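Notes follow the structure.
Read-outs throughout are calculated quantities, based only on the coordinates presented, and are distinct from any laboratory measurement. No experiment lies behind these values; they were computed from the predicted model shown. Positions of Cβ are generated from backbone atoms using ideal geometry, with glycine treated the same way; all protein chains shown enter the neighbour counts.
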Amino acid sequence: MDGLKLFRIFGIDVKLHFSWWFVFILLAWSLSGSFFPQFFPGLSAPTYWLMGIVSALLLFISVLLHELSHSLVAQWKKIRVESITLFFFGGVAGITKEDIKPSSEFLMAIAGPLFSLALGSVFWLMHAADGSLFLKAITFYLYQLNFVLGLFNLVPAYPLDGGRAFRAILYGYYKDLKKATKIAATGGRIFAGLLIVLGVFGLFTGTGGGLWFILLGGFLYFIAGLSYEQVAIREVLDNIPVKELMQQKFPVLHPAMKFAEFVKKYKGRDDVFVVKDDHFFGVIEVRRLVKIPRALQDVTSLKQVAVPFGGIKAVRKEESAYSAFRKLEEQNLELLPVLDKNKLAGIVTRKAVLRRLIWELKFGEKL
Ligand SMILES: [Zn+2]
């Protein structure tokens, strides 16, 4: 998930998703406008505003620390975490490794909620200790929210943390990731359904928070389904070697070829083309090209419009179709070079991977 990069800590990029700003403003506004005046009446409006902003910021730091505790356990288990993106409903850690041992996944999953509960206890102690009303109000909010964050995430509903821990236990027991995910995701859907029912109930009785519960439940329900599909896709593609999808015959166009000639010869033939000679190696994706006026087509070479393959991650012949799929997705490409001992053996296209996936999902024996 993309976002604005804030800083780097323990080798992890911390990013802010654009939706965060919206939530931050909404939160600070509702805290200073209703929460604090209701529980701690008699203070001035600027004080409430300051309380709202400071609390929202500290909540943001709490969520960040929750995510960091997942990530630090991951790194301790030698699993690389590239980034943490803080967004609408919390945070997501970008973990690239695929095969995670059940015990590692379990520890990683529970680290976050356990940390939140510990942090909640600290805020609770601060709240219980004598202090200014300002501090009392802020810690009152923060201990509750951290407890909610911890407890909510311990519910065994995939993809919540508790659901991940639950899935890790099931995975360790059944040794079947797909089965484990299916059960844990069902837990996720049941919990999501419960949240929606609660939300609807809240709307009718006016106890508040109804819409929020419905939104959260809907989001969770959607993500639970998506996570299962991802695992199913992975299982199918994991068992297909890239060389089965590799295309060995493809037109190799010369980088010096003029664009006008390219259009004349290849119009409508395909949508991705390899451009290569001894010095240049790249790809042309027709979909992504900007419009080139006719007058310029005679003076534009293919090298000028091709995306060079220099910096991209290629796929080796022995790797799985899933690995190719991930690399295509990560780099947002339509085509990958397939290497055999560092030499170009062929290409694999996103279309070929998806075509095979559809066949397997519909007629394969594995599902
Ligand atoms: Zn978490």
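General remarks:
- Most mobile listed residue (TYR322, TYR174, TYR141) in the chain, GNM with C-alpha springs under 10 Å: TYR174
- A simple spin-label model places pseudo-atoms 7 Å from Cα toward Cβ; at THR300 and LEU4 they are separated by 3.4 nm.
- Trypsin sites (Lys or Arg not before Pro) restricted to DSSP loop in region 152-204 with at most 16 other C-beta within 10 Å: LYS175
- Reachable aspartates and glutamates, given that their alpha-carbon falls under 19 Å from the alpha-carbon of LYS5 and they are not under 8 places away in the same chain: ASP13, GLU67, GLU82, GLU330
- Region 271-297 and region 13-82: distance between their alpha carbon centers, rounded to Å: 46
- With at most 13 other Cβ atoms within 10 Å, longest stretch of the chain clear of loop GluC sites (Glu not before Pro) (DSSP): 99-317
- Beta bridges per DSSP, both residues in region 4-238: antiparallel share near 75 percent.
- Note on region 289-367: Lys pairs 8 or more places apart or on different chains, Cα atoms under 20 Å apart, count 14.
- Helix runs (DSSP H) in the chain reaching 24 Å along axis by Cα, Kyte-Doolittle at least 1.0: 45-76, 102-128, 133-152, 177-205, 210-238
- Cβ-based exposure ranking for PHE7, PHE24, in which fewest neighbours within 10 Å come first: PHE7, PHE24
- Fewest-first sequence of HIS66, HIS279 by Cβ atoms within 10 Å of each Cβ: HIS279, HIS66
- Per-residue Cβ neighbour counts within 10 Å put VAL299, VAL348, VAL14, VAL122 in the sequence VAL299, VAL122, VAL14, VAL348, beginning with the fewest.
- With q set to 0.09, 0.10, 0.12 Å⁻¹, the log10 of I(q)/I(0) for the chain, from the Debye formula over equal scatterers at the Cα positions, is -0.69, -0.81, -1.02.
- Considering only THR47, THR139, THR85, the Gaussian network model of the chain with Cα springs below 10 Å gives its largest mean-square fluctuation to THR47.
- Here the chain is treated with +1 on each Lys and Arg Cβ and -1 on each Asp and Glu Cβ, and its dipole about the Cα centre works out to around 1200 debye.
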